[in-house]
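Data first, discussion second: the structure below is written as structure tokens.
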Amino acid sequence: MRLTKKLAKSIIVQIAGQEAERLVDCLYKKENVSEGIITKECEYDINTARSILYQLHEKHIVTFMKKKDRQKGWYIYYWTLDLARVRDISIEFTEQKVDSLKQRLNREQSHLFYTCCQNHCVRFDFDKATDFEFRCPECSSMLIEEDNKQAIILIENEIKKLSKELTA
């Protein structure tokens, strides 16, 4: 799987929230970027920057090095984005999504589904539909068997697409 900047942003946003997206622009393919530069380039206050960096550090997505400022006596932290780790997490997320889709595909292929014939209020498998005597609990109309062939095709195509991404 090839890691692009866009994919790195997507992974980091999933982990640390939308605010973290700007951090990728600042750290992507750079090493040892100081907190001062991060706050300036990303337009974060220091607490926001540290909060995001600590969240990412917990997942081992960023690493840091600290040096003592000889004049002020403070420690200055220098941060680096671990792109290999971001790639690994991206692969994990994609594999989890494929597994989830395979489970859903199995369910779609092995069950009959019923939906409300009027408003499509609900969707039940056969057992649940019998519990409601094939009547919609929302609008009281009849439940009819749903043709889920198109849903199965869409799920299969998504699995193929994601599997192809994993091997690329």
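Coordinate-derived values only; no laboratory data. Just so you know, these numbers come straight off a predicted model, no measurement behind them. Please note: Cβ atoms are built from the backbone with ideal geometry, for glycine as well, and neighbour counts cover all protein chains shown.
Taking only Cα atoms and a 10 Å spring cutoff, compute GNM fluctuations for the chain and point out the largest among I15, I89, I153.
In this elastic network of the chain, the residue with the biggest mean-square fluctuation among I15, I89, I153 is I153.
Under 14 Å from a point 7 Å along the Cα-to-Cβ line of W74: which residues of segment 22-43 have their amide N that close?
Correct set: 34-40.
Calculate for the chain the 222 nm mean residue ellipticity that helices alone would give, adding -39,500 (n - 2.57) per DSSP H run of length 4 or more and normalising by residue count, nearest 500 deg cm²/dmol.
It lands at -17500 deg cm²/dmol.
As I understand it, the value is the acute angle between the Cα axis of helix 149-167 and the longest principal axis of the Cα atoms of the chain; what does it come to in degrees, rounded to 10?
The angle comes out at about 30 degrees.
Rounded to the nearest 0.05, what FRET efficiency do E108 and H60 give with R0 = 45 Å and r taken as the Cβ-Cβ distance? Could you check?
0.80
What are the ³J(HN,Hα) couplings of segment 15-23, residue after residue, when phi is run through the Karplus curve with 6.51, -1.76, 1.60 and θ = phi - 60°? Round to Hz, x for glycine and proline.
After applying 6.51 cos²θ - 1.76 cosθ + 1.60, I find 8, 10, x, 4, 4, 6, 4, 5, 5 Hz.
How far is helix 83-110 tilted off the main Cα axis of the chain, in degrees rounded to 10, range 0 to 90?
Orientation of helix 83-110: about 10 degrees from the principal axis.
Straight-line reach only, C-alpha to C-alpha below 24 angstrom: list the lysines that K29 could link to, leaving out same-chain residues fewer than 8 apart.
Leaving aside lysines fewer than 8 places away in the same chain, those within reach of K29 are K5, K6, K9, K40, K59, K66, K67.
State the label only: which of [x] 24.2, 79; [y] 20.9, 67; [z] 15.5, 45 corresponds to Rg and Dmax of the Cα atoms in Å computed from the shown model?
[x]
Using 0.36 nm per residue of separation minus the Cα-Cα distance, give me the extension gain between K128 and S10 in nm, one decimal.
Extending this stretch completely gives an extra 38.8 nm.
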